[in-house]
Amino acid sequence: MTDSEVLAIDCRHLVHRYGDFTAVDDVSLAVRPGETVGLLGPNGAGKTTVVRVLTTLTPVQRGEVKIFGLDSRRQTMDIRRNIGYVPQQLSIESALTGRQNVELFARLYDVPRSERGHRVGEALDAMQLADVADEVAGTYSGGMVRRLELAQALVNRPSLLILDEPTVGLDPIARDSVWAQVQRMQQDFGMTVLLTTHYMQEADALCDRVALMHHGRLQAVGSPAELKRKVSPDASLEDVFRHYAGTDLAEDSSQASFRTMRSTRRTARRVS
Ligand SMILES: Nc1ncnc2c1ncn2[C@@H]1O[C@H](COP(=O)(O)OP(=O)(O)OP(=O)(O)O)[C@@H](O)[C@H]1O
Ligand SMILES: [Mg+2]
């Protein structure tokens with residue numbers, strides 16, 4: 001990287017506490033423009049907290065966050081204009097059509113009125129939802145709902161797309177279809193992508209680099225190949241995780257498991 005290249009994400013010594021519980025403990029992460037980076041970790045590791053701080057939805061308590069050189073404390077609105085965000089919990093309105101859902105976001109993102117129709121159509125097209133755009137979202141399959149949320153996140157043509165468990169609760173075919181769209185967008189538009197997932201194989205296949213998080217700390221950051229090589233010649237990414245975190249990815253923290261189950265179930269119910 002040259003000195004003049006501005007990082008898409010430059011997060012330094014981020015600390016986030018809920019009361020006296022430290023959920024994010026001195027996390028530093030640099031993401032270059034165009035990279036796809038996966039934030040991995042068991043339930044309660046602190047992934048969503050990091051993501052919400054990066055999106056500016058949660059203020060920085062301690063540390064520094066810059067997005068494309070913009071300071072998240074002072075240039076919050078400028079950052080938001082550059083970001084597309086798919087939250088862990090569902091963000092669509094099932095009584096509205098797909099198109100209306102995306103229009104809502106176009107208004108929220110302040111896409112100029114004269115461009116709105118075109119941009120909404122473009123986002124729906126990109127997610128291959130044009131055929132069902134005028135049906136109510138309540139009739140969509142789980143994979144279509146997630147693609148609709150991606151369309152919402154894309155309507156302001158973001159430079160950085162942040163996805164918090166975009167495939168949770170989906171069957172393998174729907175998961176593949178969501179990832180295929182993400183990859184295509186990444187390739188077509190050179191977007192930077194930060195995603196969280198519990199699915200190690202997907203992270204391995206999709207991410208240029210992964211950051212392994214556990215108990216609020218980053219345990220290792222690197223390309224999947226590099227991290228695997230360091231552990232053993234035939235290691236999987238799950239082995240890497242076990243090596244660094246000393247635990248299985250599936251292990252639940254008692255604090256997080258109820259929340260997670262509730263949100264996963266809500267996802268499953270809403271999209272069934
Ligand atoms: N609003 C909150 N108030 C108090 N504690 C919270 C709050 N949000 C998260 N936490 C706690 O902070 C820790 C990190 O939570 P976070 O949601 O960031 O983890 P995560 O890695 O995204 O987990 P998951 O895989 O379950 O989505 C957990 O122990 C969680 O219980
Ligand atoms: Mg989370």
* To do: Counting only residues that are in contact (Cβ under 8 Å) with a residue 24 or more places away in the chain and open to solvent by less than 10 Å² (accessible area, probe 1.4 Å), give me the helices (runs of 4 or more DSSP H) lying completely in the range 117-209 with at least 3 of them.
  => 142-154, 172-189
* Selection within the range 210-220 - in contact (Cβ under 8 Å) with a residue 40 or more places away in the chain and open to solvent by 10 Å² or more (accessible area, probe 1.4 Å) -> H214, H215, R217, L218
* To do: Return yes or no: is I92 open to solvent by less than 80 Å² (accessible area, probe 1.4 Å), of a type in the set (V, I, T), more than 16 Å from ligand 1 (Cβ to nearest atom) and within 30 Å of V240 (Cβ to Cβ)?
  => no
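Could we say that L104 is open to solvent by less than 30 Å² (accessible area, probe 1.4 Å) and not in a loop (DSSP other than H, G, I, E, B) here?
no
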* Asked: Do we find that L40 is within 23 Å of P158 (Cβ to Cβ), surrounded by fewer than 22 Cβ atoms within 10 Å (Cβ to Cβ) and touching a residue at least 60 places away in the same chain (Cβ under 8 Å) in this structure?
  -> no
* To do: Could you check, for the range 99-119, whether at least one of its residues is aromatic (F, W, Y) and within 22 Å of E202 (Cβ to Cβ)?
  => no
* Note down all Cβ pairs under 9 Å where the first residue falls in the range 13-32 and is modelled with pLDDT under 95, the second is open to solvent by less than 10 Å² (accessible area, probe 1.4 Å), and they're at least six residues apart or on different chains. => none
* Being modelled with pLDDT under 90 and of a type in the set (A, V, I, L, M, F, W, C) is the filter; apply it to the range 85-125 and report the residue that is farthest from G142 (Cα to Cα). => V111
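Report whether or not V60 is surrounded by 15 or more Cβ atoms within 10 Å (Cβ to Cβ), more than 16 Å from ligand 2 (Cβ to nearest atom), among the β-branched types (V, I, T) and more than 29 Å from Y140 (Cβ to Cβ).
In short, yes.
Does T49 satisfy the condition of being surrounded by 16 or more Cβ atoms within 10 Å (Cβ to Cβ), among the β-branched types (V, I, T), under 16 Å from the mean Cα position of the chain (by Cα) and within 12 Å of ligand 1 (Cβ to nearest atom)?
Details: surrounded by 16 or more Cβ atoms within 10 Å (Cβ to Cβ): yes; among the β-branched types (V, I, T): yes; under 16 Å from the mean Cα position of the chain (by Cα): yes; within 12 Å of ligand 1 (Cβ to nearest atom): yes.
So T49 fits the description; yes.
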* Asked: How many of the residues making up the range 153-181 are under 22 Å from L104 (Cα atoms) and more than 16 Å from ligand 1 (Cβ to nearest atom)?
  -> 11
* To do: Can you confirm whether the range 53-62 contains a residue that is within 25 Å of V145 (Cβ to Cβ) and aliphatic (A, V, I, L, M)?
  => yes
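The values are calculated or read from the model by the stated rules, or taken from the named source; none is laboratory data. Small disclaimer: the values here were computed from a predicted structure and weren't measured. Note that each Cβ is placed from the backbone with ideal geometry, even for glycine, and that neighbours are counted across all protein chains shown. Heavy atoms of the whole protein, side chains included, go into the accessibility calculation; ligands, DNA and RNA do not. Shrake-Rupley method; radii C 1.70, N 1.55, O 1.52, S 1.80 Å.
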